[in-house]
Amino acid sequence: MSTQPEDLIRGTVGTLGFAGLARHYREGTLTPAEVIEEVLDRIAARGDDHVWISLRSATDLRSEADALERRWPDPGDRPPLYGIPFAVKDNIDVSGMPTTAACPAYAYTPVRSAPLVDRLEAAGALLVGKNNLDQFATGLSGTRSPYGTCESPLVPGLISGGSSSGSAVAVGAGLVAFAIGTDTAGSGRVPAAMTGTVGIKPSRGLVSTLGLVPACASLDCPSVFALSVPDATAVLSVIAGPEPADPWSRTLPLPGATPPPVGRLRIGIPRRPEFFGDAAAAVAFAGAAKDLAGLGHRLVPIELDPFLAAGRLLYGGPWLAERLTTVGDMLRDAPENLHPVTRRVLYGGDSLTAVEAFAGLHRLRELRAETRRTWAEIDVMVVPTVPTTYTVAEMAEDPIGRNAVLGRYTTFANLLDLAAVAVPGGTTAIGRPHGISLLAPAGGDALLAGLAASFHARTGTAEDDAPPPAAAEPLLAVVGAHRSGQPLNSQLTELGAVTRGTAATEPCYRLYALPGGGPPRPGLVRTATGGTSVEVELYALSPLALGTLLTRIPPPLTLGMIGLADGREVHGFLCESYAVAGATDISRHGSWPTYLSAGDEAAGSAETGVRPG
């Protein structure tokens, strides 16, 4: 193998970034043939990692790389993706290569490539092979394939996410510079979060789905995985655009090759995000929200219920039956050819009626109308890409239930006609990958790219040489025993927390003195009606310290986001509503210290309390 620049062969993720490759090609310090040799070496070094279903031969790759050099000897004439190695999910047609959709019995060899593959190769990109996936793109875990399960390259034993599992891992592990996946329920975003890559889910119809094995044809769209937002955007600009023969193609604003600058935006953030007990993920998301605010954007708390209701229709409505248009015959005639979990999921669609289909369509229309009111108040929405993470072993324990958890913030996007970009946000305090997804109505692809690029650069997880900026410290609102002068305040000061004074909540809370044995303790509960404002004390502390503190919270207390009267949302201790049955409502006092000083029943012994609040 030829002598190569050190920054390519050092074997670190990110060395196949577009800017670095383009610079070396331009300066003549690297050739496409040398890049292909490096890619082949990396794939061989990883061994049987279950990332690939089929690879092009080394002979063909070398020949194509040499042909690129002969065709475009002048750097000034080269196409935008010259010499960039890529892969595609194996539910996308490539001429002369089998398309399996991760089901050997379904395999066929197309004579024509999908139009998006033709566009990429015309732009100079080098196709390396086809990637593993959750069978028939049904799943978000990456564990539903007879070709094996590929793990996240970031944490051993962690799922890669799906269904575009192999595509995301190929990029995250540095095997290719970008990969094409698909996204129906979140398959272009969940794997991005699990592998530390960028995942663009374009507006439906912006990129043609011709040559793609349908999951739900009315919702499908190709997706792009890359190491950075500019790289992913450059790919999207090549494959985007109407395809006359495609019945699902439509005319939408075409994104440029680079993310544009964006002005100050109104960013909707879930009022009460759910993390299924993952306190570290909650802290990481709050930190990401503060990074967005630090970029000058205004965070607007929103209710996510209608979006989540739409998402539940994907596997609880007629779109499950739509999946059978591709695989229904096999499900009925040869179910043994299907992965057992895929088979269990698809059986639910076989009994749906036309009446139920129309009922689902009508319900979706209602929810779209409801969500339009939210979009009138915001420009972009931010959600955690996944609320928590799972190991391969944990997914095997509950493959369907935990799949639903992974899709909580992704399944509604295509049903509600939204575009999305998933961006890495680093790791949580317990070492798991974390990321956010930015969403906007169809046609907002360029806007999302601009915002995602600025966020990625600010967090220090983007591929560049700039040092990461200092992260904003999370704020914690405390109500009771952690306040100044209260028995557990030392737990905060030992963690380096710094007081930031007091504040008032929004007038939508009730404060209770909780019943039960031991010392009295307060419980703050959010209420839909009849609420009041409650005084809290604010502390700034590091994300790691906050994560440490939150692991010590005993029930019925829990972590949540507390809305303040000045419009901010901060972390805080909240109480599960079931625990206030029979509790004394002390909201009229306005704060826990005022209640204690008023001498109400049981207040006298509160100073010995040992429960957080």
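For the chain, return all DSSP H helices satisfying: extent of Cα atoms along own axis at least 18 Å; mean Kyte-Doolittle hydropathy at least -1.0. Display every interim value, and only then the final one.
Numbers: long enough: 32-46 (21 Å, 0.13); 58-71 (20 Å, -1.14); 279-294 (22 Å, 1.18); 354-375 (31 Å, -0.60); 445-459 (21 Å, 0.67).
Qualifying helices, which must be both long enough and hydrophobic enough, are 32-46, 279-294, 354-375, 445-459.
First measure r as the distance between the Cβ atoms of residue 109 and residue 264, then evaluate 1/(1 + (r/R0)^6) with R0 = 45 Å and state the FRET efficiency to the nearest 0.05.
Values: r = 52 Å, r/R0 = 1.15.
Here the calculated transfer efficiency is 0.30.
Keeping all protein chains in place, calculate the accessible area per residue for region 2-149 (probe 1.4 angstrom), answer in Å².
39
Which FRET efficiency value, to the nearest 0.05, is calculated for residue 336 and residue 400 with the Förster distance at 22 angstrom and r the Cβ-Cβ distance? Write out the running numbers ahead of the final one.
On the way: r = 20 Å, r/R0 = 0.89.
Between residue 336 and residue 400 the formula returns 0.65.
Quick one: net charge of residue 339's neighbours, Cβ under 10 Å, K/R +1, D/E -1?
Numbers: positive: 144, 343, 344; negative: 134.
Within the 10 Å Cβ shell, the charges total +2.
Of the peptides 103-110, 323-330, how do they stack up when ordered by the mean number of other Cβ atoms within 10 Å, highest first?
Values: 103-110: 14.2, 323-330: 18.4.
Those peptides, ordered most packed to least, come out 323-330, 103-110.
Residues of region 56-92 with the amide nitrogen closer than 16 Å to a label point 7 Å from the Cα of residue 41, along Cα-to-Cβ, please.
So the set is 62.
Give me the net charge for the shell around residue 262: Cβ to Cβ below 14 angstrom, other residues only, Lys and Arg +1, Asp and Glu -1. It would help to have the intermediate numbers written out before the result.
Numbers: positive: 264, 266, 298, 458; negative: 379, 445.
Net of charged neighbours comes to +2.
Which one, (i) 1.01; (ii) 1.04; (iii) 0.99, gives Rg/Rh (Cα atoms, Kirkwood Rh) as derived from the coordinates shown?
Label of the calculated value: (i).
So what's the back-of-envelope 222 nm ellipticity for the chain, counting only DSSP H runs of four-plus at -39500 (n - 2.57) apiece and dividing by all residues, rounded to 500?
Computed ellipticity for the chain at 222 nm equals -9500 deg cm²/dmol.
Treating only the Cβ atoms of Lys and Arg (+1) and Asp and Glu (-1) as charged, compute the dipole magnitude of the chain about its Cα centre; round to the nearest 20 debye. Write down the numbers at each step before the final one.
Values: 48 positive and 61 negative charges, 226 e Å.
The calculated dipole for the chain is roughly 1080 debye.
How high is the relative contact order of region 97-224, given as a whole-number percent (alpha carbon pairs under 8 Å, six or more residues apart)?
RCO, region 97-224: 22 percent.
Just in region 226-276: which trypsin sites (Lys or Arg not before Pro) are loop by DSSP and have at most 14 other Cβ atoms within 10 Å? Numbers along the way, then the final one.
On the way: sites: 250, 264, 266, 271; in loops: 250, 264, 271.
Qualifying residues, ordered by number: 250, 264.
What length, rounded to one decimal in nm, is gained on full extension from residue 57 through to residue 74, with 0.36 nm per residue of separation minus their alpha-carbon distance?
Details: separation 17, 0.36 × 17 = 6.12 nm, distance 2.75 nm.
Gain on extension, residue 57 to residue 74, equals 3.4 nm.
At a Förster distance of 25 Å, what's the computed FRET efficiency of residue 251 paired with residue 118, Cβ-Cβ distance as r, to 0.05?
0.80
For region 21-37 and region 325-359, compute the distance between their C-alpha centroids and round to whole Å.
Using only Cα atoms to place each centre, the spacing works out to 48 Å.
Using the charge dipole of the chain (Lys, Arg: +1 at Cβ; Asp, Glu: -1 at Cβ; taken about the Cα centre), state which of 22, 433, 490 has its Cα farthest towards the positive end.
Result: 490, furthest along the dipole toward the positive end.
Could you calculate the contour length gain from residue 484 to residue 597, that is, 0.36 nm times the residue separation minus the distance between their Cα atoms, to one decimal place in nm?
Net length gain for the segment: 39.2 nm.
If packing is taken as the average number of other Cβ atoms within 10 Å across a peptide's residues, how do 493-501, 277-285, 568-576, 585-593 rank, most packed first?
Output ranking for 493-501, 277-285, 568-576, 585-593: 277-285, 568-576, 585-593, 493-501.
How many angstrom separate the Cα center of region 377-433 from the Cα center of region 486-547?
Region 377-433 and region 486-547 have Cα centres spaced 28 Å from each other.
Report for the chain the percent antiparallel among DSSP-assigned beta bridges with both residues inside it, nearest 5. List each step's numbers first, then the result.
Values: 58 of 75 bridges.
Bridges in the chain that DSSP calls antiparallel: roughly 75 percent.
The values are calculated or read from the model by the stated rules, or taken from the named source; none is laboratory data. Predicted model only: the values in this text are computed from it and were never measured. Glycine gets a Cβ as well: all are built from the backbone with ideal geometry, and neighbour counts include every protein chain shown. Note: accessible area is taken over every heavy atom of the protein model, side chains too, but ligands, DNA and RNA are not part of it. Shrake-Rupley method; radii C 1.70, N 1.55, O 1.52, S 1.80 Å.
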